[in-house]
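K.L.:
This is the structure I have questions about; it appears just below.
The values are calculated or read from the model by the stated rules, or taken from the named source; none is laboratory data. These numbers were taken from a predicted model, which means no experiment stands behind them. All Cβ positions, even for glycine, are placed from backbone atoms using ideal geometry, and neighbour counts span all protein chains on display.
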Ligand code: SF4
C-alpha cells in the first residue's frame, strides 16, 4: 500500500536547538511522514516545523549538479533572486572542474595574496564532524583563523559573558529542569515560536506550580502562562536587571555563603548596582518599582530559580552586558549548580552548540581552547600532523569583520558552507556588495540561496536527512543524526566535499567514515572524550561533559566548582549603553527582527516546505493596532519600511504584543529581506550585531 513505509530511520530534527528526536518514514527514497521519538529533549513531541517541514528535501529547486558562473554573467550585490534565470547566470560543470575551480582557486589566492586573504563560513546546520573538518581546513589549509558561523549572529555575546563569568559557554541545566524550578525567568525569548517543544515543558511546569516571569519588550503568547509579565522598553535590559540586583543587595537577599566560597568580584557589583534603584530605573525601563521589587524577591528567595534567555538579550551592542547581568543575578543569589537552578541561553540552530564546541569560531580551537596559547597550538599541531609554526597564533576575523576586510581588499576568496549571509547579515545590502566583489566565492549548499546567487562556484550538497553525523542540542546532548534518503542527482555529502577542497589545498586527508572524524574530535576535546561512536549508535544521545568512557554525563553542572582557573565564578558589572541608532524625526520607529513559528531563519528550507509555506506565505510587519490607526494603515495593507540602509515592502499585521513605536519583522523572506535595513553596529566584546534595535519609518503603500 502507498501509505506503508519501506524503512524507518531514527534521527534528529534539523531546525531548532531543542533537538527533538524523530523517525523518518521513507518509501522509495522519499520521506512520507515524520514522527516524534522518545528522545530526552522531546519525549515524542514535535512542533509544526519538525512534523511537517521535511518536504523541502524533495523540492525541484534542489541543486543536483555543480554550477559555475558564466564568464559574461553580471555579478552584483544589487539583485533580486530570480530562480528562472539561473541557467543564464550559471552553467553546469563536472565535479572535477568545479572542485578544481573552487579548491584550486582558493589555493591560488592563498599562494599569491597570503593566508589571510581567505575566509570561511561553516554552518550550524551541519554536523559536528562537518564543523570540525571545516575549521581544520581553514586553520591548516587556508593557514589562518578567519572561520566563523551564525553563532556570531546568535549567542556570541552570551558565550563571551559565560566564558568570562563561569568558564563555560554552555547551559548549566537542561530545559526540562524548569519542572524542578519554583521560579523561572524567561527574558528576551519567544519559545512558543522559536523553541516550541521547550515551550511545552515551560507551560507544563507553570501548570504544576512553577512561577513564570516573562520579561520582553514584545508580549508574546507565552505571557498567557506567566505569573508576572514585564513588558519593558526595548533596549532597556541593563537598567531593569541592575534594578533587580539593587533590590536583592539592599534587602539582604544575597547568598553570602555562595558569594564567599564560590565567586570573586562581588564588591564591585554591589557598588555598581547601588545607583540603580527601582525608583530611578522605573521610568527608564518602563516597569514600576514595586513590580521590580516583587520579581527580584521572588527570584532570590525561591528554593530553585532558573533563567532562560534568547536573542532579545544577545543581539544588542550591549548583548555581553545583558548576559553579564543575568549571570550576576544567579551568582549573587546562589541560583546555579542545583537541579532547577541555573542559566540556560536557548540555542537557536539545531547544531549551533555543537558547531561552536567543534571550533567553528575564529578565536578558539575545538572545546574553546585559545588559538593564542602556544601550548594549545602545539597540542593541535601534533593532533593534526602539521608544523607548529604553520598554525596562526592570532584570532581570526568574525562574520561582519570579514565583510569589511573584503571591502579593504584584504580578503579575496571565501568558502561558504550552508550559510546565507546575503540574507542573514546585518545591513545585508552591504554584505551582498562585499560578497559580489570577491575574486572567488565558493558556496556549498542544497539550494541556490541568495548567497549562492553571488557565487563563482556552487557545490551541490546534502540535506539533513541525507547524512550521518552528530548534532549537539541546547542541553549539551550529543545526538546521532542518520541518513534516511540518498542525495539527489550528483549532489554529494558535505563532509566529503570539505575533504576534497582541503586536499586541493594540500591537506592530504583520507577520512573514510564519519566516525573517524568523530574519533579525532574526541582526542582533542576533553568535554566529549568519553563519548564513543558505538555508544551514540546504541543510546542515540549522550550529554557532555563526559570525559571518560562509561561516564553517564552531567546534565547539571557547576555543582561544586566552576571550570575557571580558580574554580570560582566572577561578577562583571555593567552600565547602560544605549543602542547604536536611536529613532528621530526622520526614522521615528524601532525595528525589531526575529523569527516566526512556521519559518526557519533565512527561509531557504521552510519556504520550500509546502505545508509551512502554505501557512505563512508572505512577509508581514507586526505593528501595534493603535500605531496602525494613527498611520492610517489597516491589517493586510501594503506598507513600506525604510531605514538609512534599505527599504522593503510587506503586508501589515495588527499585533497588540508589539510595543507602541516599534515594528517586528521576521527575516525569512527574500522578497522583503529585512536585514537590508538592520544596523551592523557590533557589541565590542562579542562582535554580535544589533539586530534587535534600529531606527526606521513605516509608511502606507
Ligand atoms: Fe524541531 Fe525545535 Fe520543533 Fe523540536 S521544537 S520539532 S527541534 S523545530
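K.L.:
Do any residues in the range 46-68 that are more than 15 Å from residue 16 (Cβ to Cβ) have Cβ atoms under 8 Å from those of residues that are within 15 Å of the ligand (Cβ to nearest atom) and part of a helix (DSSP H, G or I), where the two are at least six apart or on different chains, and which pairs are they?
P.N.:
55/611; 56/606; 57/464; 57/465
K.L.:
Return the residues of the range 429-444 that are in contact with a strand residue (DSSP E or B) (Cβ under 7 Å, 6 or more places away or on another chain) and either surrounded by 24 or more Cβ atoms within 10 Å (Cβ to Cβ) or under 18 Å from residue 93 (Cβ atoms) (or both); say none if nothing qualifies.
P.N.:
Within the range 429-444, 435, 440, 441, 442, 443, 444 meet the criteria.
K.L.:
With within 24 Å of residue 334 (Cβ to Cβ), modelled with pLDDT of 95 or more, within 16 Å of the ligand (Cβ to nearest atom) and in contact with a helix residue (DSSP H, G or I) (Cβ under 9 Å, 6 or more places away or on another chain) as the only criterion, which of 197, 183, 171, 160 stands out?
P.N.:
Just one listed residue meets the conditions, 171.
K.L.:
Is there any pair with a first residue in the range 3-21 that is under 15 Å from residue 466 (Cβ atoms) and a second that is assigned to a loop (DSSP other than H, G, I, E, B) and away from the ligand (no atom under 16 Å from the Cβ) whose Cβ atoms are under 8 Å apart and which are 6 or more apart or on different chains, and what are they?
P.N.:
9/483
K.L.:
Those residues that are assigned to a loop (DSSP other than H, G, I, E, B) and surrounded by fewer than 22 Cβ atoms within 10 Å (Cβ to Cβ), I need them from the range 670-685; list them, please.
P.N.:
Within the range 670-685, 684, 685 qualify.
K.L.:
Here's a follow-up. Exactly one condition in (1) farther than 26 Å from residue 399 by Cβ; (2) in contact with a helix residue (DSSP H, G or I) (Cβ under 8 Å, 6 or more places away or on another chain) is false for residue 85; which is it?
P.N.:
(2)
K.L.:
Which one of 180, 203 is within 16 Å of residue 597 (Cβ to Cβ) and surrounded by fewer than 24 Cβ atoms within 10 Å (Cβ to Cβ)? So that I can check it myself, show each step before the final result.
P.N.:
Working: 180 fails: within 16 Å of residue 597 (Cβ to Cβ).
One residue alone meets the criteria, 203.
K.L.:
List the strands (runs of 3 or more DSSP E) that sit entirely inside the range 1-118 and contain at least 3 residues that are away from the ligand (no atom under 15 Å from the Cβ) and farther than 19 Å from residue 494 by Cβ.
P.N.:
By residue number, 21-27, 90-92.
K.L.:
Within 24 Å of residue 296 (Cβ to Cβ), assigned to a helix (DSSP H, G or I) and in contact (Cβ under 8 Å) with a residue 24 or more places away in the chain: which single residue out of 161, 131 fits that description? Even if it seems obvious, please write down each step before you answer.
P.N.:
Working: 131 fails: within 24 Å of residue 296 (Cβ to Cβ).
Of 161, 131, the one residue that is within 24 Å of residue 296 (Cβ to Cβ), assigned to a helix (DSSP H, G or I) and in contact (Cβ under 8 Å) with a residue 24 or more places away in the chain is 161.
K.L.:
Among the candidates 329, 298, single out the residue that is at pLDDT 95 or above, over 28 Å from residue 464 (Cα atoms) and touching a strand residue (DSSP E or B) at 6+ places or on another chain (Cβ under 6 Å). Let's see the steps before the verdict.
P.N.:
Working: 329 fails: touching a strand residue (DSSP E or B) at 6+ places or on another chain (Cβ under 6 Å).
Among 329, 298, only 298 is at pLDDT 95 or above, over 28 Å from residue 464 (Cα atoms) and touching a strand residue (DSSP E or B) at 6+ places or on another chain (Cβ under 6 Å).
K.L.:
Right, another one. Among the numbered criteria (1) more than 16 Å from the ligand (Cβ to nearest atom); (2) touching a residue at least 60 places away in the same chain (Cβ under 8 Å); (3) farther than 16 Å from residue 148 by Cβ; (4) surrounded by fewer than 24 Cβ atoms within 10 Å (Cβ to Cβ), which one does residue 401 miss?
P.N.:
It is condition (3) that residue 401 fails.
K.L.:
Still on this structure, please answer the following. Identify all residues within the range 206-223 that are away from the ligand (no atom under 16 Å from the Cβ) and under 18 Å from residue 596 (Cα atoms); write none if there are none.
P.N.:
Result: 216, 217, 218, 219, 223.
K.L.:
Taking only the range 613-626 into account, find how many residues are free of Cβ contacts under 8 Å to residues at least 40 places away in the same chain and crowded, with 19+ Cβ neighbours inside 10 Å.
P.N.:
Residues flagged as free of Cβ contacts under 8 Å to residues at least 40 places away in the same chain and crowded, with 19+ Cβ neighbours inside 10 Å within the range 613-626 amount to 1.
K.L.:
Out of (1) over 28 Å from the mean Cα position of the chain (by Cα); (2) closer than 30 Å to residue 647 by Cα, what's the single condition that is false for residue 62?
P.N.:
All conditions are met except number (1).
K.L.:
Right, next: Are any of the residues in the range 211-221 more than 28 Å from the chain's Cα centre (by Cα) and more than 27 Å from residue 281 (Cβ to Cβ)?
P.N.:
The answer is no, given that none of the residues of the range 211-221 is more than 28 Å from the chain's Cα centre (by Cα) and more than 27 Å from residue 281 (Cβ to Cβ).
K.L.:
Please determine whether any residue of the range 237-250 is surrounded by fewer than 17 Cβ atoms within 10 Å (Cβ to Cβ), touching a strand residue (DSSP E or B) at 6+ places or on another chain (Cβ under 9 Å) and in contact (Cβ under 8 Å) with a residue 12 or more places away in the chain. Before you say what the answer is, go through the steps one by one.
P.N.:
Step one: of the range 237-250, the residues surrounded by fewer than 17 Cβ atoms within 10 Å (Cβ to Cβ) are 250.
From what is left, the residues that are touching a strand residue (DSSP E or B) at 6+ places or on another chain (Cβ under 9 Å) are none.
Checked against the condition, which is being surrounded by fewer than 17 Cβ atoms within 10 Å (Cβ to Cβ), touching a strand residue (DSSP E or B) at 6+ places or on another chain (Cβ under 9 Å) and in contact (Cβ under 8 Å) with a residue 12 or more places away in the chain, the range 237-250 yields no hits at all.
K.L.:
For residue 172, indicate whether it is buried (at least 24 other Cβ atoms within 10 Å of the Cβ) and not in a helix (DSSP H, G or I). Write out each step before concluding.
P.N.:
Details: buried (at least 24 other Cβ atoms within 10 Å of the Cβ): yes; not in a helix (DSSP H, G or I): yes.
Yes; evaluated as a whole, the condition is true for this residue.
K.L.:
Would you call residue 569 buried (at least 21 other Cβ atoms within 10 Å of the Cβ), touching a residue at least 24 places away in the same chain (Cβ under 8 Å) and out of contact with any strand residue (DSSP E or B) (no Cβ under 8 Å at 6 or more places or on another chain)?
P.N.:
Values: buried (at least 21 other Cβ atoms within 10 Å of the Cβ): yes; touching a residue at least 24 places away in the same chain (Cβ under 8 Å): yes; out of contact with any strand residue (DSSP E or B) (no Cβ under 8 Å at 6 or more places or on another chain): no.
No; evaluated as a whole, the condition is false for this residue.
K.L.:
Follow-up question, since we're still on this one. Looking at the structure I just gave you, is residue 44 surrounded by fewer than 19 Cβ atoms within 10 Å (Cβ to Cβ), touching a strand residue (DSSP E or B) at 6+ places or on another chain (Cβ under 7 Å) and within 25 Å of residue 125 (Cα to Cα)?
P.N.:
Working: surrounded by fewer than 19 Cβ atoms within 10 Å (Cβ to Cβ): yes; touching a strand residue (DSSP E or B) at 6+ places or on another chain (Cβ under 7 Å): yes; within 25 Å of residue 125 (Cα to Cα): yes.
Yes; evaluated as a whole, the condition is true for this residue.
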